[in-house]
Amino acid sequence: MIKKALLEVKNLEVDYPYGTEKITAVREVSFTIEEGNVLGIIGESGSGKTSIALALMGLHDKAVETNGEILYNDEYLHTLSEKALNKYRWRDIAIVFQNHLDVLNPVMTIREQILEAIKKHLNLGKKEMDKKIKELLKMVHLEEKWCHAYPHQLSGGMRQKVLIAMSLACDPKLLIVDEPTTALDAISKEEILQLLEGLHKNKKFAMLLISHDMYVIQRLSNKIMVMYEGRVLEEGVTKDVLENPMHVYTRGLLDASLDINPYQDLWGIPEGNKDEETAGCIFQERCYQKKESCREKIPELQYVSLERKVACNRGGIITLLEGRHIHKTYGDGRNPIIACNNCSIKVRSGEIVALIGQSGSGKTTLATILSGLLEEDGGEVLFDEKSVLGNNFTSRKKGIQIIFQDPFSATNGGFTVEEIVKEPLDILKSDTKEEKNRMVKKALEEVQLPITKDFLQRKCSSLSGGQRQRLAIARGLVMEPKLLIADEISSMLDPSTKANVLRLLKGLQNKFGFAMLYITHDLALARKISNKVYIMYQGNIIEEGSACEVFEKPQSDYGKRLLGV
Amino acid sequence: MKKKRKILGFKQYIIIFLCIITLNFFIPRLMPGDPFTFLSAEEGQDHTAFSSEDIERHKKYYGLDQPLWQQYISYVRNLLKGDLGYSIHYKEEVLTLVLSRIAWTLSLVIASVLLSAAIGVFLGTISAYYRNSSLDKILYSGLITLSEVPSFIIALVMLFYFAAHLKLFPLSGGMSHFVDFSSRWEMIKDILLHAFLPLMALTITRIGEFYLLARNSMISILDKAYIKTARGKGLKRRRILFYHALRNAIPPIVTRIFLSFGGALGGAVLVENVFNYPGVGRLMRQGVFFRDYPLIQGIFVVMTLFVLVMNYTADAIYKKLDPRVS
């Protein structure tokens with residue numbers, strides 16, 4: 001059923017004055033809210049969410065410039081005078097402001113503050129007004145005695161309820177809710193969410209929900225709009241966006257949400273250094289997959305699928321590595337051992353994909369084929385849309401690097417530390433000697449190994465397993481890979497060294513934004529670090545999906561057995 | 001708003017009162033001369049009409065021959081009994097004298113403070129709402145300048161211009177003498193006409209104080225979230241400004257009104273002399289001129305009491321006005 005559009009916003013722009021200049025808080029934002037629908041706006045603090053809310057109600061100060069069209073029920077609100085707008089305010093569009101002490105007038109009682117909206121907009125007798133106030137308080141589960149209280153006498157949770165009751169005093173058709181659960185404890189938060197859910201169900205008002213909390217958005221909204229520095233970077237159906245974010249920023253927000261990713265370590269989106277103003281994409285300095293052209297071209301918000309729009313010059317998160325229908329058989333014709341059977345796998349940029357399965361399931365074979373070090377019998381491997389053939393991507397910078405399970409055989413014990421790390425650069429011959437030394441030192445620093453002259457000259461055979469594994473990682477990093485294939489790199493390490501190496505790797509991954517294909521039989525570990533999971537069994541990929549999905553509800557019989565669900 | 005006024009207890013007021021009456025006792029006695037040198041002298045002249053025996057006799061009669069500390073003790077004792085002493089110059093009870101004049105002064109003071117508060121707060125609110133506009137700038141600089149001019153100078157200017165030059169108002173006094181008023185209304189009109197210029201002189205200097213206070217509190221209040229909430233409700237601008245915002249600004253303003261009575265009283269003393277207004281101010285000038293210790297002291301005590309009561313009321317009212325102060 002197609003619902004009627006209640007609010008249509010076109011090219012909204014909000015500029016705040018700043019000295020003689022102006023700061024643009026919202027630009028080119030367009031959206032539609034249908035009757036009874038809930039649109040969630042998510043974004044970091046300062047991304048312009050609240051500015052949109054204030055613009056819709058015309059509540060910005062005079063000095064703030066707002067442009068664009070706001071069409072509510074066939075009435076262009078942005079053309080109306082303050083006086084004409086007052087008819088719509090609260091009666092049609094009401095707002096639950098972000099909860100803090102000052103949001104209610106400190107010298108007026110709760111009753112007085114709820115009542116004045118009713119008095120202004122509804123033509124009710126004294127008795128009816130009393131009844132209405134009682135109803136409103138009851139509706140938000142607040143005892144009647146509180147209506148004679150002053151705001152400072154209420155707790156944060158109670159104040160939030162008062163704000164909700166007040167906003168619904170005139171039964172608005174559109175409710176704007178700004179950060180309904182910030183600063184509330186877990187129990188109050190849940191209570192407020194349930195309350196909003198229930199009220200929305202009963203009253204059927206449309207809602208514009210603003211929050212930086214993914215969980216709140218997930219609970220209450222049908223559609224979502226992801227904002228960054230005043231622009232919309234992604235929009236779509238909430239469920240789809242959360243399951244499969246298409247913008248690097250959206251994925252970063254999801255990764256940073258504990259409610260949605262309860263098992264993963266907490267990593268925020270790294271702060272970019274915004275020292276130079278660029279005309280291009282606003283997100284580029286924090287983006288993992290930016291290209292030179294991103295500095296010049298502002299991406300437009302475009303459809304990438306039926307109900308999904310993304311503003312990215314690269315069309316959203318790109319698929320970095322794709323293995324299609326890979327087939328590999330060992331042995332002769334009479335006794336074939338099928339190591340990989342029609343395996344298809346995708347790694348998107350900046351993503352950690354875990355490939356799990358028991359020993360002998362074909363994981364390492366598949367990984368080696370994906371890196372190009374082993375030739376497949378059938379199918380093809382693409383890296384950044386180009387075929388992986390031999391060492392064409394492992395032997396160059398910004399390509400693929402692979403780190404193996406056994407650091408003792410992967411690093412030559414007779415080489416010095418410096419030689420090991422520098423070797424790939426020596427082969428490349430593209431940098432000067434000083435450059436190379438600098439890069440070697442930097443890579444060693446990144447993996448937290450010493451860079452003293454003494455250490456650089458040490459023979460590898462004198463290092464511990466943990467140190468040698470770090471050395472192997474440093475050798476990979478020196479090539480600035482976009483994809484790191486890590487094959488059971490922690491299985492030979494003791495638990496403490498393993499924890500150190502993995503934290504290090506995840507930190508580096510978050511900082512440099514490379515994608516990682518992590519091959520392991522350690523399920524707990526996979527759950528902790530990965531965004532996506534593939535399960536391999538007897539040469540077949542039998543299950544794939546987001547880490548949450550796969551670990552919570554595996555579909556295949558083997559998956560259920562493996563994960564003990 | 002956030003600054004908490006320190007609220008004094010009743011005991012502290014008693015201590016302050018005692019300190020003030022002590023000062024009150026000593027200050028007149030530190031002035032050169034004594035009552036009897038002036039007792040029969042005309043203003044500006046300095047000759048004595050008393051023989052030294054007469055002076056001794058008078059001093060003994062008024063208790064001025066005793067050591068200072070004894071005078072002080074008897075002064076305090078009498079004061080506690082409500083006896084303010086006997087005026088040497090007017091030959092009358094000080095209390096009676098003061099009471100006969102105080103109504104003139106108090107009505108002037110109270111009316112001027114209330115009037116200046118009303119005008120100041122109104123203009124301050126307007127200024128805050130239109131802040132940084134040219135209206136705001138004109139009001140701001142104009143009122144600041146006016147508030148720096150002492151009230152007696154404004155009084156003099158008004159006296160010369162409106163009374164002497166334009167002859168719109170009477171030159172001096174509290175009401176016309178030797179006139180039979182045809183009705184009560186005629187009399188009130190006459191009194192108001194006499195009071196107008198002194199009242200204006202006192203009012204104009206105080207407007208700036210209230211204007212600034214109201215403007216500053218309103219500017220910070222208008223930025224508060226609850227003002228946005230009120231606007232969101234679609235309320236009228238008048239209600240938002242003079243109800244939501246002003247109600248929050250009122251507590252410090254009311255406090256200031258009460259605190260202003262003291263300052264206004266001081267101003268009234270000078271302005272009354274400019275207009276020859278029959279209030280306590282003129283009485284005091286006479287008292288000072290003739291070194292009439294009991295009279296000066298008496299006036300001071302009454303004024304002190306008035307100011308202290310007002311301060312106390314300010315504290316009490318502040319608690320009532322702001323629900324957050326409990």
**Request:** Round to the nearest 10 and report in Å² the accessible area of A:Ser409, as given by a 1.4 Å probe over the protein chains' heavy atoms.
**Result:** 90
**Request:** Rounding to the nearest 20 debye, state how big the charge dipole of chain B is about its Cα centre with +1 on each Lys and Arg Cβ and -1 on each Asp and Glu Cβ.
**Result:** 2820
**In nm, spacing of pseudo-spin labels at B:Ser100 and B:Phe162 (7 Å Cα→C-beta vector)** = 2.9
**Item:** Residue-averaged 222 nm ellipticity for chain A, from DSSP H runs of 4+ at -39500 (n - 2.57), nearest 500
**Value:** -9500 deg cm²/dmol
**Fill in**
Expressed as a whole number, the average count of other chain Cβ atoms within 10 Å around the Cβ atoms of A:97-107 is 5
**Asked** Can you give the accessible area of B:Ser151 in Å² (nearest 10), computed on protein heavy atoms with a 1.4 Å probe?
**Response** 20
**Prompt:** If you take every DSSP beta bridge whose two residues both sit in the protein assembly as shown, what share of them, in percent to the nearest 5, is antiparallel?
**Reply:** 60
**Prompt:** When ranked by the protection proxy of mean other Cβ atoms within 10 Å per residue, highest first, what sequence do the peptides A:334-342, B:154-162 form?
**Reply:** B:154-162, A:334-342
**Accessible carbon and sulfur surface of chain B relative to its total accessible area, %, 1.4 Å** = 65
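Anything in chain B that counts as a DSSP H helix reaching 20 Å or more along its axis (C-alpha) with Kyte-Doolittle mean of at least -0.5? List them, would you?
B:10-30, B:94-129, B:134-148, B:184-222, B:246-275, B:293-321
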**Prompt:** Along the charge dipole of the range B:101-325, which of B:Ala155, B:Gln286, B:Ile317 sits closest to the positive end, that is, farthest toward it, with unit charges on the beta carbon of Lys, Arg, Asp and Glu (+1, +1, -1, -1)?
**Reply:** B:Ile317
**Item:** Selection from B:Leu18, A:Pro481, A:His152, by position along the positive dipole direction of the protein assembly as shown (Cβ)
**Value:** B:Leu18
**Complete:** Taking Cα atoms only, helix A:417-428 is inclined relative to the longest principal axis of chain A by an angle, in degrees rounded to 10, of 90
**Prompt:** Considering the dipole of the range B:101-325 built from charges on the beta carbon (Lys and Arg +1, Asp and Glu -1) around the Cα centre, which of B:Val302, B:Asn276, B:Ala128 is farthest to its positive end?
**Reply:** B:Ala128
**Cα-centre dipole for chain A with unit charges at Cβ (Lys and Arg positive, Asp and Glu negative), debye to 20** = 580
**Message:** Give me the one-decimal nm value for the distance between modelled label points at A:Glu296 and B:Gln12, 7 Å along each residue's Cα-to-Cβ direction.
**Reply:** 7.2
**Item:** Zone of B:Val149's modelled label, taken as backbone nitrogen in the range B:165-181 under 18 Å from a point 7 Å along Cα→Cβ
**Value:** B:165-169
**Message:** Per residue, how much accessible surface does the protein assembly as shown expose to a 1.4 Å probe? Answer in Å², no decimals.
**Reply:** 48
**Request:** Can you give me the P(r) profile for chain B? Cα pairs, bins 20 angstrom wide beginning at 0, each as a whole percent.
**Result:** 26, 49, 22, 3, 0
**Request:** On the full set of protein chains, 1.4 Å probe, figure out the accessible area of A:Trp146 and give it in Å² to the nearest 10.
**Result:** 70
**Request:** Show A:Leu101, A:Leu154, A:Leu389 ordered by accessible area, largest first, where the area counts protein heavy atoms only and the probe is 1.4 Å.
**Result:** A:Leu389, A:Leu101, A:Leu154
**Request:** Calculate the dipole size of the range A:120-252 relative to its Cα centre from +1 charges on Lys and Arg beta carbons and -1 charges on Asp and Glu beta carbons; express the result in debye to the nearest 20.
**Result:** 660
**Request:** Let me know the Kirkwood hydrodynamic radius for the protein assembly as shown, please, with Cα pairs as the basis and the value in Å to one decimal.
**Result:** 35.1
**Request:** Can you tell me the 0 to 90 degree angle between the C-alpha axis of helix A:495-512 and the longest principal axis of chain A, rounded to 10?
**Result:** 70
**Request:** Give the calculated FRET efficiency between B:Ser220 and B:Lys59 to the nearest 0.05, with a Förster radius of 41 Å applied to their Cβ-Cβ distance.
**Result:** 0.10
**Asked** Ranked by accessible surface with a 1.4 Å probe, highest first, in what order do A:Cys287, A:Cys460 come?
**Response** A:Cys287, A:Cys460
**Message:** Using DSSP to call loops (not H, G, I, E or B), can you name the GluC sites (Glu not before Pro) in the range A:367-476 whose Cβ has at most 12 other Cβ atoms within 10 angstrom?
**Reply:** A:Glu375, A:Glu385
**Request:** Could you calculate the FRET efficiency of A:Asp259 with B:Leu171 from 1/(1 + (r/R0)^6), where r is the beta carbon distance between them and R0 is 56 Å, rounded to 0.05?
**Result:** 0.10
**Prompt:** How big is the A/B interface in buried accessible area, both sides summed, 1.4 Å probe, to the nearest 100 Å²?
**Reply:** 2300
**Complete:** Accessible-area loss of at least 40 Å² in the complex relative to the chain alone (1.4 Å probe) applies, within the range B:277-324, to B:Pro323, B:Arg324
**Item:** Accessible surface ranking that places the most exposed of A:Cys281, A:Cys548 first, with a 1.4 angstrom probe
**Value:** A:Cys548, A:Cys281
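The values are calculated or read from the model by the stated rules, or taken from the named source; none is laboratory data. Owing to the predicted nature of the structure, the values given are computational and were not obtained by experimental measurement. Quick reminder, even Gly has a Cβ in these numbers, built from the backbone with ideal geometry, and neighbours come from all protein chains shown. Note: accessible area is taken over every heavy atom of the protein model, side chains too, but ligands, DNA and RNA are not part of it. Shrake-Rupley method; radii C 1.70, N 1.55, O 1.52, S 1.80 Å.
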